[in-house]
Amino acid sequence: MTLLNKAAACCGLVLAVLAAVPSEALPTQSWNGYHWAHTGNLAIMVGNNTSTKWAPYLATAETTWSTDKYIDFLPMAGMTSATSCAGIYGTIQVCSGNYGATGWSGWTTVYTSGTSIYQATIKLNDYYFTQAKYNNAAYFQQVICQELGNALGLDDSDHSYTNINTGSCMDYTNDASGALGTNGTLANTAPSVRDVTNLDGIYSVFDNTQLVFTKPKVSTNAQAASVPEPCSWGMMLVGFGVLGLAMRRDRKTNPAVVFALNRLR
């Protein structure tokens, strides 16, 4: 048995080859069917490994997404570093740092077993947020809101930067504030009613299992106050099932490689 299989077996998971799920079988705005497995409501710990300037925007996004009837984000101290931004079993770890001229302002990675997410990481690239075009409250808020939506398995709603804003942080735009006159008057800084409805569609179907760390009244002390069990470390170190990569990209040049660059406008 390989180390990968041992780690999976230790946690009672089964390795599987993922096949593309037919789009007609997926709820609207689902990102390839990825979701946190749940038998009831979810309480997902969000580790803050960001600089202080991100704190109010992360807190706002956590609170806004937590209005969903199935989801609660639980803010907690970070458990990794900005440099490595390693995944921690049962949590979402949010990191910020100068990651260089990568072409993306934010990058969400979900780690999955089948289509079930068991951990996620979000990188926020301060290289771009020091530039005048992006160093504004609306852009900060849109990017972190969009990344947290992706970490739940919610796909972006529109990748055109020139379309009129829909009032959704999942909608790409040249003007997140809606104040410049280029994309209408709505601000794309929070989930829209449509986003929340579609998220409910994803999570209205219950699973047979749920990570203990994501159960309400358990997650607040299960991992934050204890050392993860050996199989959790095994899963984390092996990087089992890193199958979903979503890059929230900055806006300026056309991408040469779809998952390495993004349009920076």
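General remarks:
- Extension gain from D207 to T67, taking 0.36 nm per residue of separation minus the Cα-Cα distance: 48.3 nm
- Over all distinct Cα-Cα pairs of segment 51-167, the Kirkwood formula returns a hydrodynamic radius of 15.0 Å.
- Low-density loop positions, chymotrypsin sites (Phe, Trp or Tyr not before Pro), segment 169-221 - DSSP coil, at most 13 other Cβ in 10 Å: F206
- 13 Å beta-carbon shell around I44, net charge (K/R +1, D/E -1): -2
- Heavy-atom accessible area for T209, with the other protein chains in place and a 1.4 Å probe, reaches approximately 90 Å².
- Checked against a 23 Å cut-off, the cross-linked pairs K69/K217; K123/K215; K53/K123 give Cα-Cα distances beyond that limit for K123/K215.
- Other residues within the sphere of radius under 13 Å centred on the Cβ of D72, judged by their own Cβ, net out at +1 (K and R +1, D and E -1).
- Mean Cβ count within 10 Å, highest first, over the residues of peptides 41-47, 114-120: 114-120, 41-47
The values are calculated or read from the model by the stated rules, or taken from the named source; none is laboratory data. Computed from a prediction, not measured in an experiment: that's the story for all the values here. Virtual Cβ from ideal backbone geometry, glycine too; neighbours counted across all protein chains shown. SASA here: full protein model, heavy atoms, side chains in, ligands and nucleic acids out. Shrake-Rupley method; radii C 1.70, N 1.55, O 1.52, S 1.80 Å.
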